[in-house]
Amino acid sequence: MPEGSADWLLRLVEGVAVLAFALSGVIEATRRRMDVVGICSVAFVTAFGGGTLRDVLLDKRPFFWVAHWGWVWVVLVLSAGVALWWRSGHAHFTARAIRLPDALGLGLFGAVGTSQAAALDMPAVVSALMGVVTAVFGGVLRDILCNEIPAVFRDHRPYAVCAFAGAWVWLGADALAAPAPLALGLAAATASGLRLVALARGWQVPGWRSDESV
Amino acid sequence: MPEGSADWLLRLVEGVAVLAFALSGVIEATRRRMDVVGICSVAFVTAFGGGTLRDVLLDKRPFFWVAHWGWVWVVLVLSAGVALWWRSGHAHFTARAIRLPDALGLGLFGAVGTSQAAALDMPAVVSALMGVVTAVFGGVLRDILCNEIPAVFRDHRPYAVCAFAGAWVWLGADALAAPAPLALGLAAATASGLRLVALARGWQVPGWRSDESV
Amino acid sequence: MPEGSADWLLRLVEGVAVLAFALSGVIEATRRRMDVVGICSVAFVTAFGGGTLRDVLLDKRPFFWVAHWGWVWVVLVLSAGVALWWRSGHAHFTARAIRLPDALGLGLFGAVGTSQAAALDMPAVVSALMGVVTAVFGGVLRDILCNEIPAVFRDHRPYAVCAFAGAWVWLGADALAAPAPLALGLAAATASGLRLVALARGWQVPGWRSDESV
């Protein structure tokens, strides 16, 4: 996530995205009957796992959650709170409810991940992959911890490809010397918009149908 | 694990902890019908995975098992030996039998992990998390390799929270300028003691009961 | 993989090995009914995961697929192409069909991984382990993403032990001051040859039979 940017809008969307990803971790972990330790761990990994893997691959320190460690408390306390509050029956979130913040996070994390890799002079296709890793690997790790095949690999709804498209928009805008906020905004809007349109229209990624023999 | 410390007691507990963690890997791998390669691999990952992940996150080298590579031989040879000996029916270890060494390892690895992160000037909550990662991630990786939801996330018995509590004891002792061996000892004793008391008393971490609908 | 080597034979075998590993990822992912995003991701991780994990553990940059980023396109495009072509029913690859290129990859990746760790002055047993990690961890990650217990841990056919044996041949040849290409060739031939002989003869790694009680 960008250092030195005072843009409060970016910070706001970033915060919404972290919380959306953490919430998707809470939802999945409660579905698998984990205890409060598991719920907090899965929420943490979902929210910060993609960016952390990107930074490990790029050999970049400090991690977002080390530099902005207040977020660690926010995610841990809110996850525990939501899980206990939810368990008491007073509220209910569904995967559907987090579609919008999740799509915002997908677009923003993908654009930021791409820009960070490009700033380290990575080749274009590697930068695009780093954007995708940032956007989707939190969810992949969440599903591995929950002992499931990652949803992004098989639910046939475009997710990673939206982030991939957004990454190329960023790379194109950057090649045209667009100012940084414009490139970020265009890329994030492309990925988030594609995701929302794809969900609304029921677009499908090709693959094996479950009634096909291999 | 601390360099330059000549404390034989620390070395002894450390060795016991590595062996206990390796043994828990052997038990889990044989339960899943792995061959001797799988048993050695799972034992290795369980014993050294937590500390290795911590060092990757902290960008710290060399790893414990690179600096003290004799332990690699010890773990590989003992794991293969225990598995073959056990298979011949002459002995039987149960998960219950490793409770005590496992609790010792939990306390010691958590305290050492916290102190190593703090030595790199990490924020307090990050240091505490690094202690927890050191103590529990070997077991998490073991369960992922065995295709199970990590036990620490859902068995409702306090494990990670004991390491977390011990980490804060270390941070408190350090803030009060306690000498290093005292801080380590207090933190490790807190975590190990909490774990043993929790097992003896049947304390539960809140979560979803399996008869609750989500 | 070795820098500065102009040996076209090495490059050729390396390319064959990357493609064989990617193909084994495609086969496994289609078997689990993934979509094209999942197929490409699993192929990528299988082909480059072992070397990437080795480089993360050795703190070495850039990764093979960052330095030679053309391979990223080759793997992504070929995986998507093979999956769609295959789905249309015009072709069929089986796990049996990739045994030979997979064995070549096992030998070559293991030897190269060992030599790279030794070049960083790692202890012998650590270098041997790094060779094994390079050769087998792509497949381990493939199986984790496909929600299976890694085949290398439990199919009872020698795989990791062949890479381990090849690694020690490299270390022995290096200790005897053999020229680099000879050491690489001997080590790779040992591992690949052992693998092929083991498959042909049905050698078994000891372990638990599925009808044994634990």
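Here C:I149 passes the criteria (1) part of a loop (DSSP other than H, G, I, E, B); (2) touching a residue at least 40 places away in the same chain (Cβ under 8 Å); (3) β-branched (V, I, T) except the one numbered (2).
For the range C:128-147, give me each residue that is surrounded by 24 or more Cβ atoms within 10 Å (Cβ to Cβ) and of a type outside the set (A, V, I, L, M, F, W, C). Result: C:G131, C:T134, C:G138, C:G139, C:R142. Evaluate the following for A:A117: is it more than 29 Å from C:R31 (Cβ to Cβ) and of a type in the set (A, V, I, L, M)? Taking the combined requirement at face value, the residue satisfies it. The residue pairs whose first member lies in the range C:120-139 and is assigned to a helix (DSSP H, G or I), whose second member is surrounded by 20 or more Cβ atoms within 10 Å (Cβ to Cβ) and among the charged types (D, E, K, R), and whose beta carbons are closer than 6 Å, counting only pairs six or more residues apart or on different chains, are C:M130/C:R54; C:V133/C:R54; C:T134/C:R54.
Condition check ((1) of a type in the set (G, A, S); (2) within 14 Å of chain B (Cβ to nearest Cβ)) across all residues:
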residue: C:A128; (1), (2): yes, yes
residue: C:F153; (1), (2): no, yes
residue: C:W168; (1), (2): no, yes
residue: C:A178; (1), (2): yes, no
residue: C:P181; (1), (2): no, no
residue: C:L184; (1), (2): no, no
residue: C:A187; (1), (2): yes, no
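Somewhere in the range C:145-152, is a residue closer than 22 Å to B:R87 by Cβ, of a type in the set (G, A, S) and at pLDDT below 95? Yes, the range C:145-152 contains a residue that is closer than 22 Å to B:R87 by Cβ, of a type in the set (G, A, S) and at pLDDT below 95. Name every residue in the range B:108-125 that is crowded, with 24+ Cβ neighbours inside 10 Å and either over 23 Å from A:V66 (Cβ atoms) or facing chain A (nearest Cβ under 10 Å) (or both), in order of residue number. Those that are crowded, with 24+ Cβ neighbours inside 10 Å and either over 23 Å from A:V66 (Cβ atoms) or facing chain A (nearest Cβ under 10 Å) (or both): B:L108, B:A117.
Just one of the listed residues (A:D121, A:D143) is at positive phi and out of contact with any Phe, Trp or Tyr (no Cβ under 8 Å at 6 or more places or on another chain), and it is A:D121. Scan the range A:42-101 for residues that are of a type in the set (S, T, Y) and at pLDDT 90 or above and the total you get is 3. Among all positions in the range C:205-214, there is at least one residue which is out of contact with any Cys (no Cβ under 8 Å at 6 or more places or on another chain), surrounded by fewer than 21 Cβ atoms within 10 Å (Cβ to Cβ), more than 8 Å from every other protein chain (Cβ to nearest Cβ) and hydroxyl-bearing (S, T, Y).
Could you pull out the residue among C:L199, C:L171 that is in a helix (DSSP H, G or I) and over 17 Å from the mean Cα position of the chain (by Cα)? It is C:L171. Looking across the range B:153-192, just one residue is in contact with a strand residue (DSSP E or B) (Cβ under 8 Å, 6 or more places away or on another chain) and at pLDDT 90 or above, and that is B:F153.
Of the numbered criteria (1) buried (at least 21 other Cβ atoms within 10 Å of the Cβ); (2) within 21 Å of A:V13 (Cα to Cα); (3) touching a residue at least 40 places away in the same chain (Cβ under 8 Å), the one A:P181 fails is (1).
Checked against (1) more than 17 Å from the chain's Cα centre (by Cα); (2) over 27 Å from A:V56 (Cβ atoms); (3) surrounded by fewer than 16 Cβ atoms within 10 Å (Cβ to Cβ), C:D59 passes all but a single condition, namely (2).
The values are calculated or read from the model by the stated rules, or taken from the named source; none is laboratory data. From a predicted model like this one, the values you see are computed outputs, not experimental measurements. Cβ atoms come from the backbone with ideal geometry, glycine included; neighbour counts cover every protein chain shown.
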